Amino acid sequence: MLFRSVKEVTLRCCFGRQAEVVVNVGRGMAVLGPMLTLDALVETLVIGVGTLSGVKVLQTMCCFGCLSVVTNYLAFMTFYPACLALIFEVRTCLLLFTCTHSFSRHLHDSRDRLDRN
């Protein structure tokens with residue numbers, strides 16, 4: 001699961017404008033979403049087979065395992081894309097602020113030089 005998320009981040013880092021952030025994250029989730037859904041479903045079914053055994057401790061462990069898989073899936077499909085889009089937007093805003101700040105400083109320095117002459 002971590003490899004896939006790193007793959008998505010690598011693919012989605014290549015965007016030009018801030019408006020494309022949400023679209024690119026959506027495309028990444030559209031590509032990875034069905035695969036992650038199938039993986040989570042199969043993991044839940046395989047771990048859930050353990051609940052059919054007669055051993056009480058094994059049944060409890062399998063229930064917690066299924067709960068863990070479902071929670072991980074829900075977090076990855078909802079919380080992760082939102083955080084990824086937020087991080088990209090904040091990064092873009094910071095870059096824009098830095099460029100604007102350096103431009104205004106350069107403009108202020110140019111005015112000071114013209115005033116001296």
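Just so it is clear, none of the values below were taken in a lab; they were calculated from the coordinates. These numbers were taken from a predicted model, which means no experiment stands behind them. Cβ sites come from the backbone with ideal geometry, for glycine too, and all protein chains shown count toward neighbours.
Spin-label model, residue 64 to residue 87: label points 7 Å out along the Cα-to-beta-carbon direction sit 2.9 nm apart. In this rough spin-label picture, where each label sits 7 Å from Cα along the Cβ direction, the residue 20-residue 35 distance is 2.2 nm.
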